[in-house]
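Report on one structure; see the data block that follows.
The values are calculated or read from the model by the stated rules, or taken from the named source; none is laboratory data. What you are looking at is a predicted structure, and each value in this text was computed from that prediction instead of being measured. Neighbour counts run over all protein chains shown; Cβ positions are idealised from the backbone, glycine included.
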Amino acid sequence: MKISFLVLLVSSFFAISACSDPSIYCATFECGGSCCLQGQGCYENACCTPASCGASGYACGSWPEGCGGAQLNCGTCPGAMEECSPQGQCVTVDCKVDSDCADQKDCTDDVCTDGTCTNPANTAVCDDGLYCNGTDSCGGGTCSVHSGDPCDGVTPYCIEDADSCDECVGAGIV
């Protein structure tokens, strides 16, 4: 019992005398010649107070807390259409994935980039519903590129209502 008390007394004496201000009792430890108080840490020989998400102004994401190099994990944004900005704030976005940008047009692609939707034109195969202008593909965002008359020299006449070609004019028309 006497030895434990003596160790406590000696260690308390050195903690007090080691602090730069002997009137402050070092509640925790010394760092770089300074007395660090309860709740502080020691980083690069200086007392520091670990940051918190709220005190640092971060609402989301992972950030260096500045006192020992640990990371603050500030979580994710609560809204379905919110993302964490590069500044650690929750911001409303138009999209998170390409399918959020669907414009229901065959001749555009649905693209989500950094929370913003775009629908650039594509050159996909499409169908304008007409047979006699040939196979169709997209151009300029619409189904407007056509291969031309699908009929050949043997069956040169196109019959739109029947989606076919015939040898004679008026064939297949009722």
If you scan segment 39-65, which residues turn out to be hydrophobic (A, V, I, L, M, F, W, C) and surrounded by 12 or more Cβ atoms within 10 Å (Cβ to Cβ)? CYS42, ALA46, CYS47, CYS48, ALA51, CYS53, ALA59, CYS60, TRP63
Somewhere in segment 154-173, is a residue surrounded by 11 or more Cβ atoms within 10 Å (Cβ to Cβ), of a type in the set (Phe, Trp, Tyr), modelled with pLDDT of 95 or more and farther than 30 Å from CYS77 by Cα? no
What are the residues in segment 64-86 that are of a type outside the set (S, T, N, Q) and within 25 Å of VAL97 (Cβ to Cβ), if any? CYS74, GLY75, CYS77, PRO78, GLY79, ALA80, MET81, GLU82, GLU83, CYS84, PRO86
Does CYS143 count as touching a residue at least 12 places away in the same chain (Cβ under 8 Å), over 30 Å from MET81 (Cα atoms), hydrophobic (A, V, I, L, M, F, W, C) and out of contact with any His (no Cβ under 6 Å at 6 or more places or on another chain)? yes
Residues satisfying the stated conditions in segment 51-94, i.e. in a strand (DSSP E or B) and out of contact with any helix residue (DSSP H, G or I) (no Cβ under 9 Å at 6 or more places or on another chain): SER62, PRO64, GLN71, GLU82, GLU83, CYS84, CYS90, VAL91, THR92
Neighbours by Cβ (under 8 Å, 6+ apart or cross-chain): first from segment 100-118, farther than 17 Å from CYS143 by Cβ; second in a strand (DSSP E or B) and modelled with pLDDT under 95: GLY115/GLU83; GLY115/VAL91
Please determine whether any residue of segment 143-150 is assigned to a loop (DSSP other than H, G, I, E, B) and over 50 Å from the mean Cα position of the chain (by Cα). no
Within segment 71-126, how many residues are surrounded by 15 or more Cβ atoms within 10 Å (Cβ to Cβ) and under 13 Å from CYS60 (Cβ atoms)? 12
Picking from ASP128, ASP161, the residue that is assigned to a loop (DSSP other than H, G, I, E, B), over 30 Å from ALA46 (Cα atoms) and either in the same structural domain as CYS42 (by TED's automatic domain parsing) or over 31 Å from the mean Cα position of the chain (by Cα) (or both) would be ASP128
Extreme residue, modelled with the lowest pLDDT, among residues of segment 109-125 that are under 30 Å from GLU83 (Cβ atoms) and in a loop (DSSP other than H, G, I, E, B): ASP114
Could you list all residues from segment 1-35 that are modelled with pLDDT under 80, among the hydrophobic types (A, V, I, L, M, F, W, C), surrounded by 11 or more Cβ atoms within 10 Å (Cβ to Cβ) and outside any loop (DSSP other than H, G, I, E, B)? PHE14, ALA15, ILE16, ALA18, PHE29
If ASP110 satisfies every condition in (1) at negative phi; (2) in contact with a Lys or Arg (Cβ under 8 Å, 6 or more places away or on another chain) but one, which is the exception? (2)
So which pairs qualify, if the first residue must be in segment 64-87 and over 15 Å from ASP114 (Cβ atoms), the second must be modelled with pLDDT under 80 and of a type in the set (Asp, Glu), the Cβ gap must be under 9 Å, and the two must be at least 6 apart or on different chains? GLN71/GLU65; LEU72/GLU65
